[in-house]
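To start, the structure itself, in structure tokens.
The values are calculated or read from the model by the stated rules, or taken from the named source; none is laboratory data. In this text, all values refer to a predicted model and were calculated from it rather than measured experimentally. As a convention, Cβ positions derive from the backbone with ideal geometry for all residues, glycine included, and neighbour counts pool all protein chains shown.
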Amino acid sequence: MVHVIERDLTEPDRIVGELLQPGGYLKLIELGIEDCVEDIDAQRVVGYALFKDGKSTNVSYPLKNFHSDVAGRSFHNGRFIQKMREKAATLPNVRLEQGTVTSLIEENGSIKGVQYKTKAGQELKAHAPLTVVCDGCFSNLRRSLCDPKVDVPSCFVGLVLELENDRLPYPNHGHVILADPSPILFYPISSTEIRCLVDVPGQKLPSLANGDMANYLKTMVAPQVPPELRDAFLSAIDKGHIKTMPNRSMPAAPYPTPGALLLGDSFNMRHPLTGGGMTVALSDIAVLRNLLMPLQDLNDADELCKYLESFYTLRKPVASTINTLAGALYKVFCASPDQARREMRDACFDYLSLGGTCSTGPVALLSGLDPNPMSLVLHFFAVAVYGVGRLLVPFPSPKKLWIGAKLILSASGIIFPIIKAEGIRQMFFPTTIPAYHRAPPVKTESD
């Protein structure tokens, strides 16, 4: 029996969790729930368009070796969530209940279940051999299950553009504008609506109440929006339905605890620039499902905990690739007064514009189709070397050599701290970790 306790079972209205990468769609298929993106006016996404200083380029997902239905999907997050809830509610062994979990029930170092308050305000307890905690980015339950080092590098300001006669410059693509000071995103969420997310660095936002936010969007952001979308962008500001969301990142640092497991944003977060959160979450669910399937009994908490330690290593190829790319790309795509960082940003745009492996390689990583950490590092430093090469042609000079050296140092300073936080051994040498090879606990006759 699976008892699902959700804080609110009404349809959520959020500005994130709206873009599912092709790798995430493949996980929906693997889990048998791909119909959850049907009948919600979800839009196919087949690649990205990048805009910088009046120039644009587009990169397509490498989908030719997949079934024609495989692509990214973008949609209203709430509609997708409701479809998954409806799907879960049809299963005979699933009980959905609205309630707020207030604490975990702990006995002798093991989690035995949860204490929660029902919709009617009644305090109840639910006991289970395995409690999966997935209470989101604002989790108040994770502190005893992991070491939460949360960073908030920026905030998203979200608007919805009504399409009417306007359409995206590149239909069925996510659009990334390399603006000053940081990126602006556009992508379709229905056949008539475009989501716009404006990244604002730091944690302090202009005030919505006194009109400072609207003024900021009109004066600082609107001039950098592609002309085809500018009128719709200004119209969306005037309508006033502006939402904000802090962008959090948090490396996975679990404390393996008998009887409990963390999933989703309560466990691991990355900057949402690359739209990788749902792909990582669905991949984690597929890994966990595969680990739990052969088990007949979950009641030996210590043995189960030891076995499930393999989850933290098996998830790494997908999770660490998407996490590292999200953090690195965000830093590269932000404007900077430092010349080496500006060169890196220009080199990244031009590298992706080259086409061939230079575009399909990075976008395969971003999309979750090629979760290969080594490929990620190679492409990242290929961009840096490409940037240095452009600097030194046709005539190197001491100043250019100095900027080139700073560019390589800057690239190293961006990616290596992220890799360290993800875990070098788990990322690149997972098979050397004993938990990777852990077999399911064997139920003896005496049990």
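Is one or more of the residues making up segment 306-315 under 17 Å from the mean Cα position of the chain (by Cα) and either closer than 22 Å to Thr431 by Cα or surrounded by 24 or more Cβ atoms within 10 Å (Cβ to Cβ) (or both)? Scanning segment 306-315 turns up at least one residue that is under 17 Å from the mean Cα position of the chain (by Cα) and either closer than 22 Å to Thr431 by Cα or surrounded by 24 or more Cβ atoms within 10 Å (Cβ to Cβ) (or both). Residues in segment 221-270 that are of a type in the set (S, T, N, Q) and either on the phi > 0 side of the Ramachandran plot or more than 14 Å from the chain's Cα centre (by Cα) (or both): Gln224, Ser235, Thr244, Thr257.
Of the residues screened, Lys125 is not one that is surrounded by 13 or more Cβ atoms within 10 Å (Cβ to Cβ), of a type in the set (Lys, Arg), at pLDDT 95 or above and assigned to a strand (DSSP E or B). Restricting the first member to segment 425-443 and to residues that are over 13 Å from Tyr312 (Cα atoms), and the second to residues that are among the polar types (S, T, N, Q) and surrounded by fewer than 16 Cβ atoms within 10 Å (Cβ to Cβ), the beta-carbon pairs closer than 7 Å and six or more apart or on different chains are Lys443/Gln296.
Evaluate the following for Pro171: is it surrounded by fewer than 21 Cβ atoms within 10 Å (Cβ to Cβ) and closer than 26 Å to Leu352 by Cβ?
Working: surrounded by fewer than 21 Cβ atoms within 10 Å (Cβ to Cβ): yes; closer than 26 Å to Leu352 by Cβ: yes.
Here the answer is yes, as Pro171 does meet what is asked.
Among the residues of segment 10-42, those that are among the small types (Gly, Ala, Ser) and surrounded by 15 or more Cβ atoms within 10 Å (Cβ to Cβ) comprise Gly17, Gly23, Gly24, Ala42.
Residue count for segment 303-361 satisfying the condition of being without any contact (Cβ under 8 Å) to a residue 24 or more places away in the chain and over 20 Å from Pro22 (Cα atoms): 4.
I'm checking my understanding of the structure. Among residues of segment 11-63 that are of a type in the set (Lys, Arg) and outside any helix (DSSP H, G or I), which one is nearest to Pro181 (Cα to Cα)? Steps first, please.
In the first step, residues of segment 11-63 are kept if they are of a type in the set (Lys, Arg); the result is 14, 27, 44, 52, 55.
This time we only want the ones that are outside any helix (DSSP H, G or I), so: 14, 44, 52, 55.
Details: Arg14: 24, Arg44: 29, Lys52: 12, Lys55: 17 Å.
Across segment 11-63, the extreme among qualifying residues is Lys52.
Among Val101, Val45, which is under 20 Å from Ala281 (Cβ atoms), surrounded by 18 or more Cβ atoms within 10 Å (Cβ to Cβ) and more than 18 Å from the chain's Cα centre (by Cα)? Criteria check complete, one pass: Val101. Val59 meets each of the listed conditions (1) farther than 23 Å from Ser190 by Cβ; (2) surrounded by fewer than 18 Cβ atoms within 10 Å (Cβ to Cβ) apart from (2). For Leu298, state whether it is over 13 Å from the mean Cα position of the chain (by Cα), farther than 28 Å from Gly387 by Cα and either of a type in the set (A, V, I, L, M, F, W, C) or crowded, with 19+ Cβ neighbours inside 10 Å (or both). Here the answer is yes, as Leu298 does meet what is asked. Among residues of segment 285-300 that are within 16 Å of Lys27 (Cα to Cα), those with a beta-carbon under 8 Å from a residue that is in a helix (DSSP H, G or I) and of a type in the set (Asp, Glu) at least six positions away or on a different chain give the pairs Ala286/Glu30. Listed residues Leu352, Leu378, Leu407, Leu365; which is in contact with a Leu (Cβ under 6 Å, 6 or more places away or on another chain), modelled with pLDDT of 95 or more and in a helix (DSSP H, G or I)? Criteria check complete, one pass: Leu365.
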